[in-house]
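Asker: Below is one structure. I have some questions about it.
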Amino acid sequence: MPADLTGTYLNLDDGRPAIRFGRAYGHPVERVWHFVTDPDELAEWFPSRAEIEMRPGGRVTFGGDPHMADSTGEVIAVDPPRHLSFEWGGDEVHFDLEETDGDSTRFTLTNVLDAADTAARNGAGWEVCLAALDAKARGERFEEPHAGSDAHWKGFYQGYVDAGVPSGAPIPGQP
């Protein structure tokens, strides 16, 4: 059965490739901001634990992924509780939050890619991570791994490849 893909591959106005995801959450923007900025909350859905210094130029420390070495990035921009963007391994990750009514938030994740051939790989990974965030937002536990080679990303990856999204980049933890 083909995977239900929620990401969109695009080229930004400046020509850089990106993959973008949108979600609607029945929580106020401040709660969703906490989901995407608190290290303990992030650890439940993000690929790596992330400690973020919330200021432009601040350090982001990534760790805890057994398939990738610990690394650091840099905060590009922060506007609590609406926007956070940071550099991670040559890519940029942007979280944008928009209040849609008093109790709901539109969440957009944009992964600006260093190389187009990472789009299918990253898209598949984000699908699994965002499924974990979706469960968290519903107050449920996500029982499957949301990162690493045991996560259920292969169907998503093949779905992106079949949809013509650029692919071919190495996949961490895979031979």
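Since every read-out is calculated from the coordinates, none of them should be taken as a lab result. These numbers were taken from a predicted model, which means no experiment stands behind them. Cβ sites come from the backbone with ideal geometry, for glycine too, and all protein chains shown count toward neighbours.
Asker: Starting at the first residue of segment 163-171, write each ³J(HN,Hα) from the Karplus equation 6.51 cos²θ - 1.76 cosθ + 1.60 with θ = phi - 60°, in whole Hz, x for Gly and Pro.
Answerer: After applying 6.51 cos²θ - 1.76 cosθ + 1.60, I find 7, x, 6, x, 9, x, 5, x, 10 Hz.
Asker: A follow-up question, please. Within 12 Å, Cβ to Cβ, of PHE46, how many net charges do the neighbouring residues add up to if Lys/Arg are +1 and Asp/Glu are -1?
Answerer: -4
Asker: How far, in nm, would the chain grow between ARG23 and ASP114 when pulled straight, counting 0.36 nm per residue and subtracting the alpha carbon separation?
Answerer: 30.4 nm
Asker: Quick check: from the Cα gyration tensor, does the chain come out rounded (a/c under 1.5), prolate or oblate?
Answerer: rounded
Asker: Averaging sequence separations of C-alpha pairs under 8 Å and six or more residues apart, then dividing by the length of segment 79-161, give the relative contact order as a whole percent.
Answerer: 20 percent
Asker: Next up: When ranked by the protection proxy of mean other Cβ atoms within 10 Å per residue, highest first, what sequence do the peptides 52-58, 110-116 form?
Answerer: Put in order of decreasing packing, that is 110-116, 52-58.
Asker: Relative contact order, percent, of the chain when contacts are C-alpha pairs under 8 Å separated by at least 6 residues?
Answerer: Normalised by residue count, the contact order of the chain is 24 percent.
Asker: Rounded to the nearest 500, what is the 222 nm mean residue ellipticity of the chain from helices alone, with -39500 (n - 2.57) per DSSP H run of 4+ residues and division by all residues?
Answerer: Helix contribution divided over all residues of the chain: -7000 deg cm²/dmol.
Asker: Take each complete run of DSSP H in the chain, measure how far its Cα atoms stretch along the helix's own axis, and keep only those covering 15 Å or more with mean Kyte-Doolittle hydropathy at least -1.0; list them.
Answerer: Going by DSSP H runs, the hits are 119-137.
Asker: Here's a follow-up. Give the shape of segment 104-175 as rounded, prolate or oblate, defined through the alpha-carbon gyration tensor: a ≥ b ≥ c are the square roots of its eigenvalues, a/c under 1.5 means rounded, and otherwise the shape is prolate if a/b is larger than b/c and oblate if not.
Answerer: Oblate shape, in that a/c is at least 1.5 and b/c is the bigger or equal ratio.
Asker: Let me ask another. Given the Cα-Cα distance of ASN11 and ALA43 and 0.36 nm per residue of separation, how much length would full extension add, in nm?
Answerer: 8.6 nm
Asker: Assuming R0 = 25 Å, can you tell me the calculated FRET efficiency for the pair ASP101 and ASP134, based on Cβ-Cβ distance, to the nearest 0.05?
Answerer: 0.85
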